[in-house]
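The structure appears right after this line, and notes come after that.
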Amino acid sequence: MIPQTAEKLDHVEQYYFSTKLAELTERHKKGQPVINLAIGNPGSPPKHETLEHLSKKVLEQEMHGYQSYKGTEEFREAWATWYQRHFGVNIDSSSEILPTMGSREAIMLITMVFVNKEDKVLIPDPGYPIYQSATRINDAQPVTYNLLPENNWLPDIEELEQLADDTTKLMWINYPHMPTGAKASKEIMRELSDFAHRKNILLVNDNPYSLIRNEHPQSLFTEGNTAEHLVELNSLSKSHNMAGWRVAGITADKGVINNILKIKTQFNTGIFLPLQKAAASAINDDEEWIHSLNDEYRKKERLGQQLLEALGCQFRLNQSGMFLWAKIPNEFSSSERFVEYLLNVKDIFIAPGFIFGENGEGYIRLSLSNKEKDLRKALFKINVSLQKIEF
Ligand SMILES: Cc1ncc(COP(=O)(O)O)c(C=O)c1O
């Protein structure tokens, strides 16, 4: 018999996609392949020169030992230069950057470091489900704040004022926002920063979509420097097609980084050296790369919009990030029903909005990270069978 698990597991369910993907694999085995347009997993490789760099380094003898917890100087310097170039923020590369194995690791570390049992954590609804599970795993209380279409999916400061009290320690924001594709202006970032400062809350902007379909990348560090109550996460998973590499970074004040290090050093060491080296080379002078990546996303965006129109969904133009967020047709009573209908009748899988929170109900999230041909195939399927769709 398996010994009794910790009580915290009672509040955490397996991630929706991990169970759903198992179902898709079963369908595939039975000869019923599904076009998966749900997951944000870049379907193309990183830049060729980056891969060459990686493979050269892997063959060198001295590349395979444990690495420093803080990452190499080379990587941290490349990160600081990258931040200055894209966001106009000055970072001290020796003390204000901590490389992590993806932003997910960073989310868990920050939660462990800053919340005590039963402390409150402000979480966006809709939002990335991991903020909620990281909070629960640490026995803290998630308190959701509303993001609503009538407020352009931005937080309402008055609501935040009411929700926050002395036990509120942490607040997550994520602009450009997943799943809605909304952007936050510098003014909004400032307002949120002022709110967090007033309430003595650590405000974290999870920013992995900063460079995708977003002409004006925005950092939470609006004053151009780090601040003690602000943290920003960035990741190369999406912007450099490196989701499997697990390379991300926490940018924060030195004191915050030192506290996170206390926990990080218990878990693991630094990222595999060839990965750090190749990642550093990828973010040096990446304007051309980002430009061509966005050209591809814009092409797929047009296909995705056509697909949504063919499905009878409504959506806003000018969304950022790697997804399209759209309202389901009125004929369907829930996002799950619509998604199950598309899966069972059309063999197309799109993420239902409810998995991102109550305010995500009535919406779907279409990923643009797949290959263009998958979107074309889905569009073809829907167009061909349009007359047969029974809403
Ligand atoms: C909002 C958000 N944050 C973080 C992540 C995870 O990024 P990483 O691959 O760096 O762990 C994702 C990935 O889906 C995401 O959508």
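None of the figures in this text is laboratory data; all of them are computed from the coordinates on show. In this text the structure is predicted, and so the values were computed from the model without any measurement. Heads up, the Cβs are rebuilt from the backbone with ideal geometry, glycines too, and the neighbour counts pull from every protein chain shown.
Å³ per residue of the Cα convex hull, for the stretch 1-102? Could you put the intermediate results ahead of the total?
Values: hull volume 28.5 nm³, N = 102.
Enclosed volume per residue, from the Cα hull, is 279 Å³.
Taking the Cβ of Ile35 as the centre, find all other residues whose Cβ is under 13 Å away and add up their charges (Lys, Arg: +1; Asp, Glu: -1).
On the way: positive: Arg27, Lys346, Lys371, Lys373, Arg376, Lys377, Lys381; negative: Asp347, Glu372, Asp374.
Every neighbour counted, the sum reads +4.
Can you list residues from other chains, or at least 5 along the same chain, whose modelled amide H is less than 5 Å from the amide H of Tyr145?
For Tyr145, the qualifying residues are Ile123, Asp125.
Relative contact order of the stretch 65-285: what whole-number percent is it, with Cα pairs under 8 angstrom and at least 6 residues apart? Walk me through the intermediate numbers first.
Values: 410 pairs, mean separation 64.2, N = 221.
About 29 percent, as a whole number.
So, in nm, how far is label Gln314 from label Asn41 when the simple model puts each one 7 Å beyond its Cα toward the Cβ?
About 3.4 nm separates the two model spin labels.
Once you put a point 7 Å from the Cα of Glu336 and another 7 Å from the Cα of Glu215, both along the Cβ direction, what distance in nm separates them?
The modelled label-to-label distance comes out at 4.1 nm.
Taking 10 °C and 1.306 mPa s as the conditions, I'd like the Stokes-Einstein D for the stretch 65-285 in µm²/s, using the Kirkwood hydrodynamic radius from alpha carbon pairs. List each step's numbers first, then the result.
On the way: Rh = 17.4 Å.
In µm²/s, the coefficient is 91.
Calculate one ³J(HN,Hα) per residue across the stretch 186-201 by plugging θ = phi - 60° into the Karplus curve 6.51 cos²θ - 1.76 cosθ + 1.60, and present them in order as whole Hz with x for glycine and proline.
Once rounded to whole Hz, the list reads 4, 5, 5, 4, 5, 4, 5, 5, 5, 4, 4, 5, 4, 9, 6, 10.
Please sort 105-116, 81-92 by packing, taking for each peptide the average over its residues of neighbouring beta carbons within 10 angstrom, highest first. Working shown, then result.
Details: 105-116: 20.6, 81-92: 18.2.
Listed from highest to lowest mean packing, they are 105-116, 81-92.
Give the shape of the stretch 173-294 as rounded, prolate or oblate, defined through the alpha-carbon gyration tensor: a ≥ b ≥ c are the square roots of its eigenvalues, a/c under 1.5 means rounded, and otherwise the shape is prolate if a/b is larger than b/c and oblate if not. Mind showing how you got there, number by number?
On the way: a/c = 2.11, a/b = 1.13, b/c = 1.87.
Verdict is oblate for the stretch 173-294.
Beta carbons within 10 angstrom, averaged per residue: use that to sort the peptides 178-189, 358-369, 2-13, 288-299, highest first.
Working: 178-189: 20.8, 358-369: 22.8, 2-13: 9.2, 288-299: 14.2.
Packing order, densest peptide first, comes out as 358-369, 178-189, 288-299, 2-13.
Measuring from label point to label point, each 7 Å out along Cα→Cβ, what is the Ser68 to Ala22 span in nm?
Each label point lies 7 Å from its Cα, and together they span 4.2 nm.
Taking amide H positions as placed 1.01 Å from N in the peptide plane, with prolines and chain starts having none, which residues 5 or more places from Asp206, or on another chain, fall under 5 Å of its amide H?
Distant-sequence amide H within range of Asp206: Ile173, Asn174, Tyr175, Leu233.
Would you kindly state how much longer the chain becomes between Lys299 and Asn152 on full extension, computed as 0.36 nm times their sequence separation minus their alpha carbon distance, in nm to one decimal?
Working: separation 147, 0.36 × 147 = 52.92 nm, distance 2.45 nm.
Gain on stretching Lys299 to Asn152: 50.5 nm.
Can you give the local net charge around Leu154? Use residues other than it whose beta-carbon is closer than 12 angstrom to its beta-carbon, Lys and Arg +1, Asp and Glu -1. The partial results should precede the final answer.
Numbers: positive: Lys183; negative: Glu150, Asp156, Glu159, Glu187, Glu191.
Counting the neighbours of Leu154, the net charge comes to -4.
Checking the cross-link filter: which lysines have an alpha carbon closer than 20 Å to that of Lys277, excluding same-chain neighbours under 8 positions apart?
Those lysines meeting the cut-off are Lys47, Lys56, Lys57, Lys70, Lys238.
Within a Cβ distance under 10 Å of Phe356, other residues only, what is the Lys/Arg minus Asp/Glu net charge? All intermediate terms of the calculation are to be shown ahead of the outcome.
Working: positive: Arg365; negative: Asp125, Glu358, Glu361.
So the surrounding residues net to -2.
Before anything else, pin down the relative contact order of the chain: Cα pairs under 8 Å, at least 6 apart, normalised by residue count, whole percent.
On the way: 707 pairs, mean separation 92.7, N = 391.
Result for the chain is 24 percent.
On a C-alpha basis, how far is the centre of the stretch 4-43 from the centre of the stretch 145-218 in Å? Whole number, if you could?
29
Nearest 500 deg cm²/dmol is fine: what mean residue ellipticity at 222 nm does the chain get from its DSSP H runs of n ≥ 4 alone, each adding -39,500 (n - 2.57), divided by its residue count?
On the way: 13 runs with 161 residues, N = 391.
Helix contribution divided over all residues of the chain: -13000 deg cm²/dmol.
No solvent, one uniform scatterer per C-alpha: report log10 I(q)/I(0) for the chain via the Debye equation at q = 0.06, 0.12, 0.15 1/Å, two decimals.
The computed values of log10 I(q)/I(0) come out as -0.24, -0.99, -1.46.
Once a ≥ b ≥ c are taken as the square roots of the eigenvalues of the Cα gyration tensor of the stretch 319-391, is the result rounded (a/c under 1.5), prolate (a/b larger than b/c) or oblate (a/b not larger than b/c)? Please list the in-between numbers first.
Details: a/c = 2.08, a/b = 1.12, b/c = 1.86.
Oblate.
Which length gain, in nm to one decimal place, applies between Gln14 and Ile263 when the Cα-Cα distance is subtracted from 0.36 nm times their residue separation?
On the way: separation 249, 0.36 × 249 = 89.64 nm, distance 2.42 nm.
This chain segment gains 87.2 nm when fully extended.
Under 16 Å from a point 7 Å along the Cα-to-Cβ line of His48: which residues of the stretch 285-304 have their amide N that close?
289, 292-293
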